[in-house]
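Down below is the structure, laid out as structure tokens.
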Amino acid sequence: MNFETIHLDKSLKTPLYMQLKNILLNAVQSKELVPGDLLPSESALSELLGISKATIRQCMNELSNEGYIEKKRNRGTIILDRKLNLGYSDAVSNYNERVKELGMSPKTKLIRLTVDDCNKKIAQMLETDTGAKVIHLTRLRYADDMPIVYIDSYLLYEENRFILGHDFETESLYAILDQNPETRISSVSRTVFASEALPEIAEAFNIRAGSAMLTVETVAADARGNIREYSISYSPNSRNQYSFTVTR
């Protein structure tokens, strides 16, 4: 990429750091910048573009938080190839398995494990009554220390309270459910849509509230068709993508 051709328009309402960010993102998407490319230093860009180092730094911090670049000691700032494809197929698999298949190390941070009264939406998804007791499990999933998926899971308390004694930072929810033939997950139905990051979720990913998110709703059932889990997961659009395999 020829950085000398970059033009930032100070008359626009769009902040200069955001203009630069968009230009660099477009260069990544068009493959003018590819993984491993080295960006000019903040000082060099400041002098080249005629803007402050603080503006450059704000742009670079956002790109770093969203997983596009990384500052390497003695090398400078490089373009990363960090967008994962945690695609789904016709098989029921868990997050840890998919991350390992990509050659990365999975990790989970437990954020919440409570027993709550469910609202109307959760009750509808779990096919129960509003106010029924549910287990609310919230986890932040990582790949090589980068937060990738924030997931809220809901399960009926009476049927699944045995899971409360497990360590969800080291154990998989589905693996735990599979230990009991009656609660083993046999099928899942997923819906993917776009949303904006709420403040709590944005904080977990260290991104701005309102940032674009890939959102997946999952309804998991046992072999008899009973709903065992309802979950909704969020991934920054810049860090993750989903693909589906369909056979006929």
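General remarks:
- When the range 61-76 is limited to residues that are crowded, with 17+ Cβ neighbours inside 10 Å and touching a strand residue (DSSP E or B) at 6+ places or on another chain (Cβ under 8 Å), the one that is farthest from S11 (Cα to Cα) turns out to be G67.
- Condition check for D144: in contact (Cβ under 8 Å) with a residue 40 or more places away in the chain and open to solvent by less than 20 Å² (accessible area, probe 1.4 Å): no
- The residues on offer are I151, I176, and the sole one that is of a type outside the set (S, T, Y) and open to solvent by 20 Å² or more (accessible area, probe 1.4 Å) is I151.
- Checking each residue in the range 3-31 for being touching a residue at least 12 places away in the same chain (Cβ under 8 Å) and part of a helix (DSSP H, G or I) picks out F3, E4, L16, Y17, M18, L20, K21, I23, L24, L25, A27, V28.
- Pairs with Cβ under 7 Å, 6+ apart, first in the range 202-213 and without any contact (Cβ under 8 Å) to a residue 24 or more places away in the chain and assigned to a loop (DSSP other than H, G, I, E, B), second open to solvent by 30 Å² or more (accessible area, probe 1.4 Å) and charged (D, E, K, R): G210/E196
- Which listed residue is at pLDDT 95 or above, in a loop (DSSP other than H, G, I, E, B) and either open to solvent by 20 Å² or more (accessible area, probe 1.4 Å) or of a type in the set (A, V, I, L, M) (or both), from T170, T128: T128
- Residue in the range 42-60 that is free of Cβ contacts under 8 Å to residues at least 24 places away in the same chain, of a type in the set (S, T, Y), open to solvent by 20 Å² or more (accessible area, probe 1.4 Å) and closer than 21 Å to S235 by Cβ present: no
- Restricting attention to the range 173-193 and to residues that are assigned to a strand (DSSP E or B) and in contact (Cβ under 8 Å) with a residue 40 or more places away in the chain, the residue that is nearest to A220 (Cα to Cα) turns out to be V188.
- Verdict on E97 being part of a helix (DSSP H, G or I), at pLDDT below 90, surrounded by 12 or more Cβ atoms within 10 Å (Cβ to Cβ) and not polar (S, T, N, Q): yes
- Considering residues of the range 222-232 that are outside any loop (DSSP other than H, G, I, E, B) and open to solvent by 10 Å² or more (accessible area, probe 1.4 Å) only, the residue nearest to E70 (Cα to Cα): I232
- Residue pairs whose Cβ atoms lie under 6 Å apart, sitting 6 or more positions apart in sequence or on different chains, and linking a residue in the range 95-109 that is over 21 Å from V216 (Cα atoms) to a partner that is open to solvent by less than 90 Å² (accessible area, probe 1.4 Å), are M104/A143; M104/D144; S105/D144.
- Residue in the range 4-17 that is open to solvent by less than 40 Å² (accessible area, probe 1.4 Å) and modelled with pLDDT under 90 present: no
The values are calculated or read from the model by the stated rules, or taken from the named source; none is laboratory data. Bear in mind that the values here come from a model prediction, so they are computed numbers and not experimental data. Counting neighbours? That spans all protein chains shown, and the Cβs are built from the backbone with ideal geometry, glycine included. Keep in mind that these areas ignore ligands, DNA and RNA; they rest on the heavy atoms of the full protein, side chains included. Shrake-Rupley method; radii C 1.70, N 1.55, O 1.52, S 1.80 Å.
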